[in-house]
Every structure is written in structure tokens, then in C-alpha cells.
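Shown next, in C-alpha cells, is the structure this report addresses.
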Amino acid sequence: MKRIVSIQDISCFGKCSLTVALPIISAMGIEACCIPTAVLSTHTGGFTGYTYRDLTSDIPNIAAHWNSINLNLDAVYTGYLGSFEQIKIVSDFFDTFKTDDNLLIVDPVMGDKGKFYAGFNEAFALEMKNLCKKADVILPNLTEAALLLGEEYVESGYDEEFIKNMLIRLSEIGSKIVVLTGVSFNDYSQGVMSYNSKTGEFFSYFSDNIPGYFHSTGDVFSSTLAGALVKEPNMSKAIKIAVDFTVDCIKHTVGHEKEHWYGVRFEECLPSLMNM
Ligand code: PXL
């Protein structure tokens, strides 16, 4: 059985980060381990008054213990990280647990729709760029891609050449593979484009554009992609599975947006993920 550790916060209510990653990875038949980087009462995307307990100082101790029991990890998948120090510690974790055949997957969670999430800024983006240097695969959305490149966010009106150029420059940060999410060339479709800098291959996969904003779909996509890549290292197949599952979760949420504005109803879709 393959094993993935996901390193990100646990938002106790709100369906994102670890409460999404763990069930998705488990449903894919992969052993899911975690290092919670912080405990929040809710995520930060629309709630006010949330609590935040930082767990940064626990991470090196967990890493040292895992190292002492020779724990092997088929992938390390990082998401939301809350501070500069945390990024540095996760970077040390990469150095300790990297092997010739495991995957370091970084979702540089910082913002969406051209805006930073609460608490992030340009200096944090520079630090996140340092973590991306060590990754095998990075999974930014268009907002995070612009932040990593120190550029203005372009919301729409771009073409395929623009995205390909962006993918190449993102790969120059250091990762072998870049998967850019939230790409849309028209009103009716949205999807992802990827680039493998070792083979020079681009890949695109689009699905129906479903109007509305659906929180934490980035975490759903990244968790599914991490799982799919670990099971079978075929990027185009993994992207298709991750996009199709994410779209399925969105479709199950349409019509329930009032009640489920804080996160998609991914639970209903886990049985179909098992069959994918
Ligand atoms: O879905 C990304 C995410 C993860 N963790 C926390 C967040 C967010 C986005 O808002 O607030 C705590």
C-alpha cells in the first residue's frame, strides 16, 4: 500500500485542507498520514472570529520521530502553511524524507481570484517560492502563479500561448512538473494546463465551467491529484481524474450553495472516486 503524508492545517469546521485531504487519500486506497501545521476553529475564507493554534514547533519533533522509525513516504503533499518559519521547517522535512522515487508535491496555497487569503503577503509568496524550488510537482492556481512570478494577476482574456509561457517560467523556479489550475479561455469551460520541463510536454484538460465560487475546490483537486499520481505516475490520467472528481463535487454542491457556501459536498462523491 502506498503512503502519503499531507502537511497542512486542520480547520475543524469548514471542509478544507486536512479534513478534505485525509478522506480523499484514504478513499483512493492510499495510507493517509498527516502533520497538522495549525488548528483553526474554521477556515479563514468567509468566517470571522476563528481561533488559530500554531503547531510549528511540533513539526521537527514529529519528523525526528518518523525518521527514527525509518518511515518511508511515497509522497509528501503540502497545502496551506501559516508562517515563514513553517515553510522553512517543511523545507527541512523535504530534505530528510526525499528519496530517489518519492514525490514532493507543493500546493502553494496563498490566495484565489486575484487576492491573498487572510494573513498572507508578497514576502510570504517569496518564501513559498523557495519551497516550490524543492518540489517535484507544484499546483498553483492562476492567482498563486502570478504571486510566485511577482506579476499582476490576469483574470481573463489570455490565450494558450500566455499560459504556456507562464508554465515554462513557473517550471524555471525548479519543479519538474507544473499544474496550473483555474485556466479558462472562454465562458463555458474551465480546467488545468500542465507542463513537464523534462520532456517539454504540455497537457490541457477542460470541463464545463460551472458559475459560482466553490470554496476549497483547490484542496479537493490537489488531494486527488496527489493520490492519483502516487497510484500511477501518469500525469494526464491523474489530471483527468482530479478534474473530473472536482467537477463532480461542484455539481453535487450546486443548488445547496446557501447551506454549503464554506465547502463542497465531496463526501457524496467519494464512492465514485473509488471507482475512478
Ligand atoms: O482551502 C485553502 C485553505 C486552507 N486552510 C485554511 C484556509 C484556506 C482558504 O481559505 O483558510 C485555514
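The values are calculated or read from the model by the stated rules, or taken from the named source; none is laboratory data. The structure displayed is predicted, hence computed values, not measured ones. Don't worry about glycine lacking a Cβ; one is built from the backbone with ideal geometry, like all the others, and counts go over all protein chains shown. The protein model used for the area step is the full one, side chains on, heavy atoms only, and it has no ligands, DNA or RNA in it. Shrake-Rupley method; radii C 1.70, N 1.55, O 1.52, S 1.80 Å.
Condition check ((1) out of contact with any helix residue (DSSP H, G or I) (no Cβ under 9 Å at 6 or more places or on another chain); (2) acidic (Asp, Glu); (3) over 19 Å from Arg265 (Cβ atoms)) across all residues:
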| site | (1), (2), (3) |
| --- | --- |
| Asn186 | yes, no, yes |
| Ser197 | no, no, yes |
| Asp219 | no, yes, no |
| Ser223 | no, no, no |
| Leu229 | no, no, yes |
* To do: Could you grab me the full set of residues in region 1-48 that are part of a helix (DSSP H, G or I), at negative phi and within 11 Å of the ligand (Cβ to nearest atom)?
  => Leu18, Thr19, Val20, Ala21
* To do: Considering only region 128-169, state which residues are within 21 Å of Gly45 (Cβ to Cβ) and among the charged types (D, E, K, R).
  => Glu144, Glu155
* To do: Take region 238-253 and flag every residue that is farther than 17 Å from Cys16 by Cβ and open to solvent by less than 70 Å² (accessible area, probe 1.4 Å).
  => Ala238, Ile239, Ile241, Val243, Asp244, Val247, Asp248
* **Residues located in region 70-101, provided they are more than 17 Å from the chain's Cα centre (by Cα) and under 22 Å from Lys2 (Cα atoms)** => Asn70, Leu71, Asn72, Leu73, Phe93, Asp95, Thr96, Phe97, Lys98, Thr99, Asp100, Asp101
* Asked: assigned to a helix (DSSP H, G or I), of a type outside the set (Asp, Glu) and within 16 Å of the ligand (Cβ to nearest atom) - does that describe any residue in region 169-192?
  -> no
* Which pairs do you get when a residue that is touching a residue at least 60 places away in the same chain (Cβ under 8 Å), found in region 125-154, comes within reach of a residue that is of a type in the set (Gly, Ala, Ser), reach meaning Cβ atoms under 7 angstrom, with the pair 6+ apart or on two chains? -> Val137/Ser175; Leu139/Ser222; Asn141/Gly182; Asn141/Gly218
* Structure fact -> Looking across region 42-51 at residues that are open to solvent by 40 Å² or more (accessible area, probe 1.4 Å) and among the small types (Gly, Ala, Ser), the single one that is modelled with the lowest pLDDT is Gly46
* Asked: If you take the residues in region 64-88 that are within 16 Å of the ligand (Cβ to nearest atom) and without any contact (Cβ under 8 Å) to a residue 60 or more places away in the chain, which one is surrounded by the most Cβ atoms within 10 Å (Cβ to Cβ)?
  -> Gln86
* Read through the list (1) open to solvent by 50 Å² or more (accessible area, probe 1.4 Å); (2) touching a residue at least 24 places away in the same chain (Cβ under 8 Å), then give the number of the only condition that Asn61 fails. => (2)
* Could you tell me whether any residue of region 229-249 is within 16 Å of the ligand (Cβ to nearest atom) and acidic (Asp, Glu)? => no
* **Count of region 193-232 residues which are surrounded by fewer than 17 Cβ atoms within 10 Å (Cβ to Cβ), assigned to a loop (DSSP other than H, G, I, E, B) and within 19 Å of the chain's Cα centre (by Cα)** => 2
* Asked: Give me the pairs: first residue in region 156-179 and on the phi > 0 side of the Ramachandran plot, second residue in a helix (DSSP H, G or I), beta-carbon distance under 8 Å, and six or more apart or on different chains, which are they?
  -> Gly174/Cys132; Gly174/Lys133; Gly174/Lys134
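A quick yes/no check of all residues on (1) more than 16 Å from the ligand (Cβ to nearest atom); (2) in contact with a strand residue (DSSP E or B) (Cβ under 7 Å, 6 or more places away or on another chain); (3) among the aromatic types (Phe, Trp, Tyr):
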{"site": "Gly111", "(1), (2), (3)": "no, no, no"}
{"site": "Ala118", "(1), (2), (3)": "no, no, no"}
{"site": "Glu122", "(1), (2), (3)": "yes, no, no"}
{"site": "Met128", "(1), (2), (3)": "no, no, no"}
{"site": "Leu131", "(1), (2), (3)": "no, yes, no"}
{"site": "Glu144", "(1), (2), (3)": "no, yes, no"}
{"site": "Leu149", "(1), (2), (3)": "yes, no, no"}
{"site": "Tyr153", "(1), (2), (3)": "yes, no, yes"}
{"site": "Phe162", "(1), (2), (3)": "yes, no, yes"}
